[in-house]
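Written below as structure tokens is the structure these notes are about.
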Amino acid sequence: AATVETALAIALLTSCPIRFDNLCCIEIDKHLIRLGHNRRRQRLLLHLPGAMVKNNVDLKFEIPPAVAAMIDLFTGSHRPALAAVPSRFLFTKRSGDAPVGWTTLRRRICEAIRKHVGADLTPHNFRHLAGLIVLSQHPGQYETVRRLLGHKNGSTATDHY
């Protein structure tokens, strides 16, 4: 169950380049929004309101279907084995209804990437990778990077990338 949790965290960071603090605090019924009535055709959005984000900018990402399926698998089969009590958090503390301790999840993410990819990559590096991938495919699109990463100022993207 912990391995599935780690894989899900990596999948979310890959498809939604959010800050790690925000990843740890995702609430299932508050931040994961299902669109559509047909379960097989539903779209899943991750919405982080500005009040929860470092620079007060709302972030919205459409979660790819494969990652949405991982969320369903994790919450339905594996998460209950990890938590002693029900929790509103996707990544929950083992002892109760609180977000997971970020040190443990961060360590597991870093170890999994090192083991399976052979690279030293922190959860925050996923944000940098997202910016670099956008700019390598679309040179000069700093505004796209700014919006993707939720930067308030355009200069943040141009200064860092």
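The values are calculated or read from the model by the stated rules, or taken from the named source; none is laboratory data. Only a predicted model underlies this, so the values are computations on that prediction, with no experimental measurement involved. Virtual Cβ from ideal backbone geometry, glycine too; neighbours counted across all protein chains shown. For the accessible areas, the whole protein counts, side chains as well, though only heavy atoms, and no ligand, DNA or RNA atoms are used. Shrake-Rupley method; radii C 1.70, N 1.55, O 1.52, S 1.80 Å.
From the cross-link list Lys54/Lys152; Lys93/Lys115; Lys60/Lys152, which pairs have alpha carbons spaced over 18 Å apart? From the list (Lys54/Lys152; Lys93/Lys115; Lys60/Lys152), the Cα-Cα distance tops 18 Å for Lys93/Lys115. Estimated from helices alone, the mean residue ellipticity of the chain at 222 nm is -14000 deg cm²/dmol (sum of -39500 (n - 2.57) over DSSP H runs with n ≥ 4, per residue).
What you get for the chain, charging only the Cβ of Lys and Arg (+1) and of Asp and Glu (-1), is a dipole of about 240 debye around the Cα centre. Measuring only protein heavy atoms, the 1.4 Å probe finds Met52 accessible over about 50 Å². When the chain is described by a simple charge dipole with +1 on each Lys and Arg Cβ and -1 on each Asp and Glu Cβ, the residue from Leu129, Gly154, Ile71 located farthest towards its positive end is Ile71.
Taking the inverse of the mean 1/r over every pair of distinct Cα atoms in segment 102-161 gives a Kirkwood hydrodynamic radius of 12.6 Å. Ligands, DNA and RNA left out, the accessible area of the chain computed with a 1.4 Å probe is 54% carbon and sulfur. Computed over segment 60-106, the Cα gyration tensor eigenvalues convert (square root of 5λ each) into semi-axes of 20, 13, 9 Å, ordered from largest to smallest.
For the chain, the solvent-accessible area with a 1.4 angstrom probe is 56 square angstrom per residue.
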